[in-house]
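All of the numbers you see were taken from the coordinates with simple rules; none came from a lab. What you see is a predicted model, and the numbers here were worked out from it, not measured in a lab. Every residue, glycine as well, gets a Cβ built from its backbone with ideal geometry; the counts of neighbours run over all protein chains shown.
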Amino acid sequence: MKLKEIQTWATVPPTGIGGSFWVIVKVTTDNDISGIGECYGIPVSADIACRMVEDTFARFAEGEDPHNVETLFRRVYSAGFTQRPDISMMGVFSGIEMAVWDILGKASEKPVYNLLGGLFHPRLRTYTYLYPKNLGRDGWTDEPVGDVYHDGDVAAERALAYIDQGFTAVKQDPAGPYSFQGGRELSLEELSRSEYSVKRIREAVGDRADILFGTHGQMTTSSAIRLARRLEPYDPLWYEEPCPPDQLTAFSRVSAATSIPVATGERLTTRVEFHHALKAGVSILQPDIGRSGGIWETKKIACMAELFNAQIAPHIYCGPIAHAAAAHVAFTSPNFLILETIQTGFHEDILQKPLTWDQGYLLPPTEPGLGIELNESVLEEHPYETGGRLHLEMCQTPLDSANSRLQSDLDS
């Protein structure tokens, strides 16, 4: 069995939830077994990202035995004489590698988790962001629900709605916007808004749900510590990416200054960078399997975290293929904590059969491989236009610590 060919799609989720586009791949072997994968957050236009995936497959994977996952990883990791963590190339490789594991599972007629150590958890606890539209049991609607980011009362109301759907944890980031300048000092207004939001959510949910506080790395060390002290009375499960991802010394100082567990990982790649995070005192790792190096590398990251008594909470802000792949690693990992999830109609529509849920918990697939199959016609009905938005984009305006007027301008 040899890897023979690859097909790529750049599709645009109509809700915009999960990013501006998804890069999805299908790899086929010379004996006609196909596997699917998904690349996360390659920071170029989606059509260019697809070409990158196709070029990488042709250079390093075409004609290879799919069992040789380690060889494939080392080839791409070292591409162009780099031999170091490269977030773009690892995003490219991760989607290809997921498809390879899907092939291996189908060839052996077993779910991927049975190839990674077996089913350790019978189901996975999941969480959701508080989204500014209504996510009901019958799928996504366009009904607005208010400003969940800047209005703590609305956030508390949305938290209760998600708990009624079975979730036992919700996440919010009320401290934006996310400027390209790196760490900055939050204004007093932003600090107070964040504190009020968490306070109201805690008052609403009591001990029925954990609160996960995200920040997307926009704070200086001092600002992160100031905010952490305001949040501590409400006992968040974690404090996510309080400083820019290239400032791990700052993570160490923040971790030492707060009782809230510090989490990070969505913008890191390979076990090299996650090892640095663990040494900096991060106790909850959030690898995004579409960027971290794929299934095998993410399994290594989870195993390494055990040596630091740390947990994994895979990041998911993408489509359902990466979601399914992350779940297979999570099902096999003793130190799994919780899995991010997104449930929209489009997430279900691009699969022939959606992932299986039970009151806020994800159940393991029984089908071989990743346990999912694409609905290719739906992908093709939502194509990416050349030169469109990136998967995620940052505010291109510098902000300062008294930016309430500018904040209003940005929000409008």
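For segment 13-43, backbone nitrogen atoms closer than 19 Å to the point 7 Å from Thr82 Cα along Cα-to-C-beta are found at 23-25, 38-43. Largest GNM mean-square fluctuation among Ser192, Ser252, Ser377, using the chain with Cα springs under 10 Å: Ser377. For the chain, the longest principal axis of the Cα atoms and the long axis of helix 152-164 meet at an angle of about 40 degrees. Taking only the Cα atoms of segment 180-256, the ratio Rg/Rh comes out at 0.98, with Rh defined as the Kirkwood radius. Between the Cα long axis of helix 221-231 and the first principal axis of the chain there is an angle of about 70°, rounded to the nearest 10.
In the chain, helices alone account for a calculated mean residue ellipticity at 222 nm of -11500 deg cm²/dmol, with every DSSP H run of four or more residues adding -39,500 (n - 2.57).
About its Cα centre, the dipole of segment 182-296 is roughly 140 debye, where the only charges are +1 on Lys and Arg Cβ and -1 on Asp and Glu Cβ. Size descriptors for segment 3-109 (Cα atoms only): Rg and Dmax, in that order, 13.5, 40 Å. Checked against a 18 Å cut-off, the cross-linked pairs Lys2/Lys299; Lys171/Lys353; Lys4/Lys106; Lys26/Lys300; Lys2/Lys300 give Cα-Cα distances beyond that limit for Lys2/Lys299; Lys171/Lys353; Lys26/Lys300; Lys2/Lys300.
Across segment 197-333, C-alpha contacts under 8 Å between residues 6 or more apart give a mean separation that, scaled by the residue count, equals a relative contact order of 18 percent. Near His323: Cβ cut-off under 13 Å, other residues only, Lys/Arg at +1 and Asp/Glu at -1. The net charge is -4. Once Rg and the Kirkwood radius are both taken over the C-alpha atoms of segment 243-380, their ratio Rg/Rh works out to 1.01. Across segment 114-369, C-alpha contacts under 8 Å between residues 6 or more apart give a mean separation that, scaled by the residue count, equals a relative contact order of 21 percent. Assuming charge only on the beta carbon of Lys and Arg (+1) and of Asp and Glu (-1), the dipole of segment 3-109 about its Cα centre is about 320 debye to the nearest 20. Taking the DSSP bridge list for the chain and keeping only pairs wholly inside it, about 50 percent are antiparallel. Could you tell me the distance between the Cα centroids of segment 329-346 and segment 1-36, to the nearest Å? Taking the Cα centre of segment 1-36 as reference, the centre of segment 329-346 is 20 Å away. As a ratio to 2.2 N^0.38 Å, the alpha-carbon radius of gyration for the chain is 0.94. With R₀ fixed at 30 Å, the C-beta to C-beta distance from Val145 to Ser20 puts the FRET efficiency at about 0.85. Highest GNM mean-square fluctuation among Ser179, Ser259, Ser108, for the chain modelled with Cα contacts below 10 Å: Ser108. Near Gln352, once Lys and Arg are set to +1 and Asp and Glu to -1 for all other residues with Cβ below 11 Å from its Cβ, the sum equals -4. Backbone phi angles across segment 331-347, fed through the Karplus curve with coefficients 6.51, -1.76 and 1.60 (θ = phi - 60°), yield HN-Hα couplings of 4, 9, 9, x, 9, 5, 9, 6, 10, 5, 8, 9, 10, 10, x, 5, 4 Hz in residue order; Gly and Pro are listed as x.
Once the chain from Ser377 to Thr71 is taken as fully extended at 0.36 nm per residue, the excess over their C-alpha distance is 106.8 nm.
Here's the picture: charge each Lys and Arg Cβ at +1 and each Asp and Glu Cβ at -1 in the chain, and of Ala161, Thr366, Leu237 the one pushed furthest to the positive end of that dipole is Leu237. Relative to the first principal axis of the alpha-carbon coordinates of the chain, what is the inclination of helix 188-205, with its axis defined by its Cα atoms, in degrees from 0 to 90 and to the nearest 10? The helix 188-205 is inclined about 70 degrees to the chain.
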